[in-house]
Ligand code: NIG
Ligand code: FE
C-alpha cells in the first residue's frame, strides 16, 4: 500500500465523514439506459387496464422504442444517455451495464453500441456493454425469427468483434419473443468472439429454458419472476447469478422474483434497476434495495450485497469492484448523515448519497 508523504498529506482534500458511512458505489448489472423518447403514454394505458403484453401486441412496447431509436442519431443517443447516466451516478451507481436491443436492425443496433462505447470514453463510471441481439421481432420479421437471428449473427457480430463494441450478449427468451433454440444460437455465435451470456428469461413464463441456460454456462439469468421447481434445482449451487429486477415488478404489476427462497436455496442473487422507458423507468439503486426488502423480504444487508459485490460478479468484475478492498478500484460513496446502513433501504425514496468518487475522482 502506498503511504502518503507529508507533502501529499498537505495537498490532500480532507472530507469530514462524521456520522456518515463510506460504502462501495452501487453496481447496476442490467439496464437499457440508451433509448430515444419516453413511454409515459403507455404508462397511462396500463393505468386504464391494459397489460404490458397487450400493449406490446398493439405495436407499443419495445417496437415503439425501436421506431423512435431508428430515427435518432448516435450523438443524440449519446447525449440523452449521458444525462441519465450522470443522474444514476448522483444516486450512487458507479458501475453499470448497458444493453443495445432497441435497434432491431443491424445498423441501429450498432448505433446503440457505439453510443455506449462513447459513454465509456466520457464517464468515470465503469460501463459494460451488452449486445441484446434478440429483444423483439420487427414487423418485417414477424414470421421469421430464425432469419432475424441469422442476420444479427452475420451482420452485427463481426463488427462488434472488429470495433470492440460489446462485453456480453443477451436475448429475450420468452413466449412471443425468442425461443431457447434461437437464444442458444445467438449465444454460441457470440461466445466465439468472447461475449459471455446474460439472458432475459422467466419474466412471464417458465418454459423449461432456464435450466438449459444454466447448463450452457450463462453468467447470469435475469428477471425470474416466474420460477418452477426445476428452475430452482438448476440454479441452486450453480455459477449462474440470478439477477432480479424489483422496480420492473413494481412498475408493470407483475410478481416479484422469489428472492428469499433463492437465497435460502443457495442461489447467488444480484439486484439491478432494469432502467428502460417501458417497464422500469428508474435507475435508482437505493429504491431497488428498498423494494427488495419490502417486497422480496431481503434484509437490508442482503440487498446491499446484491447491489454491490454480487452484481459485480454478474459482470465478472468482483475482483476489481463491488467492495472496498486494497487493490480494487476506488468507487466509493459517502452517505449523508445516517444512523445505520439499513437506513438507506428503510427511508425509501430518498437520496442518501452526498459524495460519489469513481476511480478515486470526486464526481
Ligand atoms: O427487461 N423484458 C424485456 N425487456 C425489457 C423491457 C423493454 C421495454 O419495455 O422497453 C425488460 O423489462
Ligand atoms: Fe431488461
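Each value in this text was obtained by applying a stated rule to the coordinates, not by laboratory testing. Keep in mind that this is a model prediction, so the values were computed, not measured. Note: ideal-geometry Cβ built from the backbone for every residue, glycine included; neighbour counts use all protein chains shown.
Taking the Cβ-Cβ separation of residue 16 and residue 120 as r and a Förster radius of 41 Å, what is the calculated FRET efficiency to the nearest 0.05?
Numbers: r = 33 Å, r/R0 = 0.80.
About 0.80, to the nearest 0.05.
Using just its DSSP H runs of length 4 or more, each adding -39500 (n - 2.57), the chain gives a mean residue ellipticity at 222 nm of -11000 deg cm²/dmol after division by all residues. Listed from fewest to most Cβ neighbours within 10 Å, the set 227, 112 follows the order 227, 112. Percent of C-alpha pairs per 10 Å bin in segment 299-363, short distances first: 20, 46, 32, 1. Computing FRET efficiency as 1/(1 + (r/R0)^6) for residue 323 and residue 3, where r is the C-beta to C-beta distance and R0 is 22 Å, gives about 0.50.
Is segment 9-168 rounded, prolate or oblate when judged by the Cα gyration tensor, a ≥ b ≥ c being the square roots of its eigenvalues, rounded requiring a/c under 1.5 and prolate requiring a/b larger than b/c?
oblate
With a/c under 1.5 counting as rounded, go ahead and sort the chain into rounded, prolate or oblate using the C-alpha gyration tensor (a ≥ b ≥ c being the square roots of the eigenvalues; past the cut-off, prolate if a/b is larger than b/c, else oblate). Cα axes put the chain in the prolate bin.
Placing dummy labels 7 Å off each Cα toward the beta-carbon, the span from residue 346 to residue 50 is 4.3 nm.
For the pair residue 41 and residue 79 in one chain, pulling the backbone fully straight at 0.36 nm per residue adds 11.4 nm over the alpha carbon distance. The order of 89, 288, going from fewest to most other C-beta atoms within 10 Å of their C-beta, is 89, 288. How would segment 40-130 be classified by its alpha-carbon gyration tensor: rounded, prolate or oblate, with rounded meaning a/c under 1.5 and the a/b versus b/c comparison settling the rest? Oblate, because a/c is 1.5 or more while a/b does not exceed b/c. Percent antiparallel among DSSP beta bridges with both residues in the chain, to the nearest 5? Within the chain, antiparallel bridges account for around 25 percent of the total.
What is the fewest-to-most order of 209, 274 by other Cβ atoms lying within 10 Å of their Cβ?
Listing 209, 274 from fewest to most nearby Cβ atoms yields 209, 274.
Calculated from the alpha-carbon coordinates, segment 1-96 shows an Rg and a Dmax of 21.5, 67 Å respectively.
The peptide list 316-328, 255-267, 231-243, put in order of mean Cβ contacts within 10 Å with the highest first, becomes 231-243, 255-267, 316-328. Both radii come from the Cα set of segment 271-318: Rg as radius of gyration, Rh as Kirkwood radius; their ratio Rg/Rh reads 0.99. Maximal additional length on extending the residue 299-residue 151 stretch stands at 48.8 nm, based on 0.36 nm per residue less the C-alpha distance.
Once you have the Kirkwood Rh of segment 235-286 from its Cα pairs, apply Stokes-Einstein at 37 °C and 0.692 mPa s and quote D in µm²/s.
Answer from the Stokes-Einstein relation: 281 µm²/s.
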